[in-house]
Amino acid sequence: MGLVRKQQPEPETAPPLDTGELIRKLDDPDPEQRREAALELAGEPDAVPELLARVGLETQPRVRDAMLTTLAGHDTEAVAAGLAVHLASDEAGLRTAVAEALATMPLSVPGLLPDLLAAPDHDVRVMTAMVLADLPTPEARSWLVRMITDDTHPNVVTAAIDALLPAATAEHVPVLEAAARRFPDDPFLQFTVRAALPGLAGTQ
Amino acid sequence: MAGATSAGAGLSDADFDRFTEYFYKRTGIHFTHAKRYFVDKRVETCIRSSPYDTFASWFAALRMDKPDMLQELINELTVNETYFLREDYQFDAMLNTVLPKALAARGGVNRIAGPIKILSLPCSTGEEPYSIALRLLEEWDQIDHVDVEIHGADIDSDVLAKAAHASYGARSLARVPKAWVNKYFTPVGSGRYQVDEGIRSAVTLHKVNVCDTAAMRAFRDFDVIFCRNVLIYFDELSSRRAAENLYGALRPGGHLFLGHSESMSRISPIFTPTRLPEGIVYQRPTGAK
Amino acid sequence: MTRVLVVDDAATVRLYHTSLLREAGFEVAEAANGLEAVEAAMIDSYDLFVVDVNMPKMNGYTCVETLRSETVGTAAPVLMISTEDRPGDADRAYQAGANLYLVKPVSAERLVRVATMLTTGKGPDA
């Protein structure tokens, strides 16, 4: 009793499974088995289509998060496109989790933006602004300016303004002023632009 | 310069707000205007040591996820010092609440199968795992009735070598009661004291990267994990993966302590936050869900 | 004083709701996602939660469910405010445990009126 050293010999950890076995584990009835398999498939290109096929169907948020952690590690067009379809999901947990994953994929997300900005569903465009808020690429600002300038839905414009503001400078003042003129009846948008302008005046 | 953006002039109000919002989002650490002078000075230091000459250009680069810049910034803005019994209130929480709960969940003293397992990750030069050992030996009333395994893990083999040697100077030991030093340490010259063999040999040290899922598979069924002041350094995906790996290392119902200014709410929702008298601790849920 | 927790990942929305409620005499704290709100509610008690839907780490529905679950166990009123106006969204909010679901944008008068009604039980419906 008391402090003891790890017992020797230690109970051996099971040997690592190969990719095929891990992919089969993605369909295990035990969510913890699925979660572990999804994580252990990190960096395995053969697993990407399997994970993409399951991420929208997975019912356990913990398993879905693990799948998204592994998928986001592949910053490729196929993964970004496969995930972006879920921005339109009716399930809030899925669409927000996917937006978070996409926000960590600066190489592949810009290629999807022309389509996402043209999505007929304004909720998809709101989610796109959420992605751009955290996407670590210099391009994000110009995409957000485009949304603020061109989008016809006030909730998309306010989401894009929120995403732009942390990185906004004096050069964005006219962009914000123009948005305020376009939506004179949106109280939140009016408030937000009025509150932001004084802080931007002296920035570069 | 207009807008007070050059190093030396302090940040403008708007820059300060943008900066603290960003830092909060990135690390979960919030600086109010009361810390204005401190933040201004430390940010200026970072700008000066960077290739950028204005706040705006430095901040723009930082926001593009430059890991080195963020690390330097966090080092400047946080106390990154390791010593015995640091953030001791968390060890209080472990002794008062977490270990009794763990013991009860595993059937109590008489029926528990296998040891109580505690992991310190990153363990750095060993102050944390040895602090845990000292407090258990001195203050846990069940220590003579239960087996306890303490593990320390770090990615850096240099600090692990120091942890294995376990000799410390006065500064590191400042908070250890004199009686404990006399009882568990041996003077080794130059004002340094070495942790006794009995404790050193009871603490198992490992080299591991917490973001490496395959390597972290070796860590299983821990009752308690201390993972303090490290996740703030990781980018979004790495901190998520680290959290997932720590989840896998805990037994269901096991407890995770983060540093006192850290929160899992910026990293991952997989743990259940639990309020203890000493603060918030994170639990791996017990249910199948 | 009546204490409100404003939960939204958008800093601009937090500022808007916080300013309006403070002007109306409420004491307001903020949380930037559902999980932060859960932690805040474990440490302090609130008389009203104003919760967004689309948030990272923990969305609004899960947040409200957790606030109502034994993890937090608050019975304080919850107002959900969302950009979403799909069929079924309001039902989902009420299932989670919200008391009222509104679609953005919400005018200053309406927000204050609803907050007052939910915290005092008085006044006409929004």
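Summary of values
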item: B:TYR89 paired with A:ALA78, simple spin-label distance in nm, labels 7 Å along Cα-to-beta-carbon; result: 5.1
item: Degrees, to the nearest 10: A:139-150 long Cα axis against longest axis of chain A; result: 50
item: Cα-based shape type of the range A:35-83, given that a ≥ b ≥ c are square roots of the gyration tensor eigenvalues and the cut on a/c is 1.5; result: oblate
item: Reduction of at least 50 Å² in accessible surface, 1.4 Å probe, comparing all protein chains with the chain by itself, residues of the range A:123-158; result: A:ASP123, A:MET130, A:PRO136, A:ASN155
item: Solvent-accessible area per residue, Å², over the range B:104-180 with all protein chains present [probe radius 1.4 Å]; result: 43
item: Length-normalised contact order of the range B:2-77 in % [C-alpha pairs under 8 Å, at least 6 apart]; result: 32
item: Accessible surface of chain B [probe 1.4 Å, protein heavy atoms]: carbon and sulfur percent; result: 51
item: Local net charge near C:ALA41, Cβ-Cβ under 14 Å (Lys/Arg +1, Asp/Glu -1); result: -4
item: Dipole magnitude of the protein assembly as shown, debye to nearest 20 (Cβ charges: Lys/Arg +1, Asp/Glu -1, about Cα centre); result: 1260
item: Between helix A:31-40 and chain A: long-axis angle, C-alpha atoms, 0 to 90°, nearest 10; result: 80
item: Volume per residue of the C-alpha convex hull in chain C, rounded to whole Å³; result: 93
item: Buried accessible area, chains A and B (both chains, 1.4 Å probe, Å² to nearest 100); result: 3900
item: Extension gain (nm, one decimal) between B:ASP156 and B:ARG36, 0.36 nm per residue minus Cα-Cα; result: 39.8 nm
item: Within the range B:2-77: Cβ-based charge dipole about Cα centre, in debye rounded to nearest 20 (Lys, Arg +1; Asp, Glu -1); result: 140
item: Estimated 222 nm signal from helices in chain B, with DSSP H stretches of n ≥ 4 weighted -39500 (n - 2.57), rounded to 500; result: -11000 deg cm²/dmol
item: Helix B:13-27 axis, angle to chain B major axis (alpha carbon atoms, nearest 10°); result: 30
item: Check: chain A dipole with +1 on Lys, Arg Cβ and -1 on Asp, Glu Cβ, in debye; result: 660
item: In sequence order, calculated HN-Hα J values of the range A:129-134 (Karplus, 6.51, -1.76, 1.60; Hz; x Gly/Pro); result: 4, 4, 4, 5, 4, 10
item: Residue-wise HN-Hα coupling along the range A:192-198, computed from phi with Karplus coefficients 6.51, -1.76, 1.60 (Hz; x: Gly, Pro); result: 5, 5, 4, 6, 7, 4, x
item: Relative contact order [Cα under 8 Å, 6+ residues apart], chain A, whole percent; result: 12
item: C versus A: buried accessible surface, summed, Å² (probe 1.4 Å, to nearest 100); result: 1900
item: The protein assembly as shown, Rg to Rh (Cα coordinates; Rh as Kirkwood inverse mean 1/r); result: 0.98
item: Alpha-carbon Debye profile of the range A:1-137, log10 I(q)/I(0) at 0.14, 0.16, 0.17 Å⁻¹; result: -0.65, -0.79, -0.87
item: Zero-based 5 Å bins, Cα pair distances in the range A:90-157, whole percents; result: 4, 18, 32, 27, 16, 4, 0
item: Carbon plus sulfur fraction of accessible area for the range C:3-120, probe 1.4 Å, in percent; result: 49
item: Three principal axis lengths of the range B:124-207 [C-alpha, angstrom, descending]; result: 35, 31, 19
item: Largest-first principal axis extents of the Cα set of the range B:69-150 (Å); result: 52, 22, 20
item: Cα gyration tensor shape of the range A:153-198, rounded if a/c is under 1.5, else prolate or oblate by comparing a/b with b/c; result: prolate
item: Helical contribution to [θ] at 222 nm, DSSP H n ≥ 4, -39,500 (n - 2.57), averaged over chain A, rounded to 500; result: -17500 deg cm²/dmol
item: Share, in percent, of DSSP beta bridges within the protein assembly as shown that are antiparallel, nearest 5; result: 25
item: Two-decimal log10 I(q)/I(0) for the range B:89-283, as the Debye equation yields it once each C-alpha is a single scatterer, q = 0.08, 0.09, 0.17 Å⁻¹; result: -0.26, -0.33, -1.19
item: Accessible area in square angstrom per residue, the range B:54-102, 1.4 angstrom probe; result: 39
item: Shape box of the range A:111-204 [Cα atoms, principal axes, largest first, Å]; result: 34, 31, 16
item: Förster radius 51 Å - calculated FRET efficiency between B:HIS145 and C:GLU23, Cβ distance, rounded to 0.05; result: 0.30
item: Sequence-separation-based contact order of the range A:111-204, relative, with Cα cut under 8 Å and 6+ spacing, percent; result: 24
item: Spacing of the two label points (7 Å from each Cα toward its C-beta) at B:THR54 and C:ALA75, in nm; result: 5.8
item: FRET efficiency for B:ARG111 and A:GLU139, using Cβ-Cβ distance with R0 set to 45 Å, rounded to 0.05; result: 0.15
item: Most mobile listed residue (C:PRO77, C:PRO105, C:PRO87) in chain C, GNM with C-alpha springs under 10 Å; result: C:PRO87
item: Residue-normalised accessible area of chain A, expressed per residue, 1.4 Å probe, Å²; result: 42
item: Area buried, chain B against chain C - accessible surface, total, 1.4 angstrom probe, square angstrom; result: 1200
item: Segment B:ASP221-B:ASN96, length gained on full extension (0.36 nm per residue, minus Cα span); result: 42.9 nm
item: Inter-probe distance in nm under a simple model that places probes 7 Å from Cα toward Cβ, at B:HIS165 and A:ASP27; result: 5.6
item: Segment C:LYS122-C:GLU109, extension gain: residue separation times 0.36 nm, minus the distance between their alpha carbons; result: 3.1 nm
item: Two-site FRET efficiency, B:THR274 against A:VAL85, from Cβ-Cβ distance with R₀ of 41 Å, rounded to 0.05; result: 0.65
item: Cα pair distances exceeding 15 angstrom across the range B:2-77, given as percent; result: 48
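The values are calculated or read from the model by the stated rules, or taken from the named source; none is laboratory data. Keep in mind it's a predicted model, so treat the numbers as computed, not measured. Note that each Cβ is placed from the backbone with ideal geometry, even for glycine, and that neighbours are counted across all protein chains shown. Note: areas computed on protein heavy atoms with side chains; ligands, DNA, RNA excluded. Shrake-Rupley method; radii C 1.70, N 1.55, O 1.52, S 1.80 Å.
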